[in-house]
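Student: Questions regarding the structure given below will be posed in turn.
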Amino acid sequence: MENSIKNKISELKAEKNAVILAHYYTSDDVQALADYVGDSFYLAKIAKQSDADVIVFCGVSFMGESAKILNPNKTVLMPDLSADCPMAHMVKPGKIDEMRREYDDLAVVCYINSTAELKCQSDVCVTSSNAIKIVRSLPQKNIFFIPDKNLGRYVKEMVPEKNVILNDGCCPIHAAMTADDIKAEIAKHPDALVVAHPECEEEVLLLSDYIGSTAEIISYVKDCDRNEFIVGTEVGVAYRLREDNPGKSFYFTERLPCCVDMKLNTPERILHVLATGENEVIIKDDIIERALVPLDRMLDIAK
Ligand code: 13P
Ligand code: SF4
């Protein structure tokens, strides 16, 4: 990255009292210049605590939206407003109402990777790092888990006392990894441990030595005394893994799990939105008010 871009970004940040947040799946140069880098849960907490006037959110739209919902009086900018998570939309219209009619004792549990409109219809939000704890804590027996069937299935297994009902959505990046892809890496690197995100299909998780959210994978690898890892999550995480563990080796599946939407965030676009104030996240007041309830509930239970 050019030094001049970096310097201009620093000057504008100071001038506008702005902070840059980036998800682990953004590109290396974006992570290198961000003030805070983390998984969805960490970034939601940072957005809530921040005393900056402007938040530049390098991620996808549900992340920018969540930052705005948690900070309605702040300006939230996204380097590229078209960076979206396809899974965030994967609940059929009317499905939540249908489930509420079918079950009296139902909690709608919404993975944070969802649109603000879906959050408005939900009882509580979760991320991959707190879903098990939150589902376990709910008074309801029946849980409609949206939108990710893979994280939902993983939670169902870990919380057998609940009736977790799955929805037909998934992350196209994680779900594209197959058991054969992982087995091919195991054959090449027989001493490596397999670590995977719960957004992966069951056949991949069954081959995994460790399952966790992006931040959990990063901390597991750092604390582990093994030196080689096959990583079943988005390739952007390699930046943190390599920075934290210079002596360790990381292998990804041959068809790289790469989220193109996350990669729409670039240093040039960060500079542009900081300079112009373009790409502001705007959400209607009534949506903010209703979507804040499940998000705040998540932050409260997960504390
Ligand atoms: P986490 O940040 O919770 O690990 O979720 C992964 C993801 O797919 C974010 O888009
Ligand atoms: Fe959505 Fe998957 Fe990209 Fe995360 S990695 S933003 S879940 S498409």
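Student: Is it true that some residue in segment 1-18 is within 14 Å of ligand 1 (Cβ to nearest atom) and either surrounded by fewer than 19 Cβ atoms within 10 Å (Cβ to Cβ) or outside any helix (DSSP H, G or I) (or both)?
Tutor: Checking segment 1-18: not a single residue is within 14 Å of ligand 1 (Cβ to nearest atom) and either surrounded by fewer than 19 Cβ atoms within 10 Å (Cβ to Cβ) or outside any helix (DSSP H, G or I) (or both).
Student: Can you list residue pairs whose Cβ atoms sit under 7 Å apart, with the first residue in segment 252-264 being within 15 Å of ligand 1 (Cβ to nearest atom) and the second being open to solvent by 20 Å² or more (accessible area, probe 1.4 Å) and among the small types (Gly, Ala, Ser)? Count only pairs 6 or more apart in sequence or on different chains.
Tutor: Pro257/Ala176; Lys263/Ser27; Leu264/Ser82
Student: Collect the residues in segment 30-51 that are at pLDDT below 95, part of a loop (DSSP other than H, G, I, E, B) and either open to solvent by less than 70 Å² (accessible area, probe 1.4 Å) or in contact with a Gly (Cβ under 7 Å, 6 or more places away or on another chain) (or both), keeping them in residue-number order.
Tutor: Within segment 30-51, Asp39, Ser50 qualify.
Student: I would also like to ask the following. Regarding Tyr154, is this residue within 20 Å of the chain's Cα centre (by Cα), modelled with pLDDT of 95 or more and either within 16 Å of ligand 2 (Cβ to nearest atom) or not hydroxyl-bearing (Ser, Thr, Tyr) (or both)?
Tutor: yes
Student: State whether the residues of segment 130-140 include one that is under 19 Å from Ile288 (Cβ atoms), open to solvent by less than 10 Å² (accessible area, probe 1.4 Å) and within 16 Å of ligand 2 (Cβ to nearest atom).
Tutor: no
Student: Taking segment 165-177 on its own, how many of its residues are away from ligand 1 (no atom under 16 Å from the Cβ) and without any contact (Cβ under 8 Å) to a residue 40 or more places away in the chain?
Tutor: Residues that pass the stated criteria total 1.
Student: Being part of a helix (DSSP H, G or I), more than 20 Å from the chain's Cα centre (by Cα) and crowded, with 17+ Cβ neighbours inside 10 Å is the filter here; which residues of segment 261-286 pass it?
Tutor: Answer for segment 261-286, where residues must be part of a helix (DSSP H, G or I), more than 20 Å from the chain's Cα centre (by Cα) and crowded, with 17+ Cβ neighbours inside 10 Å: Pro267, Arg269, Leu271, Val273, Leu274.
Student: The conditions are (1) open to solvent by less than 10 Å² (accessible area, probe 1.4 Å); (2) within 20 Å of the chain's Cα centre (by Cα), and Ile96 fails exactly one of them. Which is it?
Tutor: (2)
The values are calculated or read from the model by the stated rules, or taken from the named source; none is laboratory data. Because the structure is a prediction, the values reported are computed rather than measured. With ideal geometry, Cβ positions are generated from the backbone for all residues, glycine too; neighbour counts draw on all protein chains shown. The protein model used for the area step is the full one, side chains on, heavy atoms only, and it has no ligands, DNA or RNA in it. Shrake-Rupley method; radii C 1.70, N 1.55, O 1.52, S 1.80 Å.
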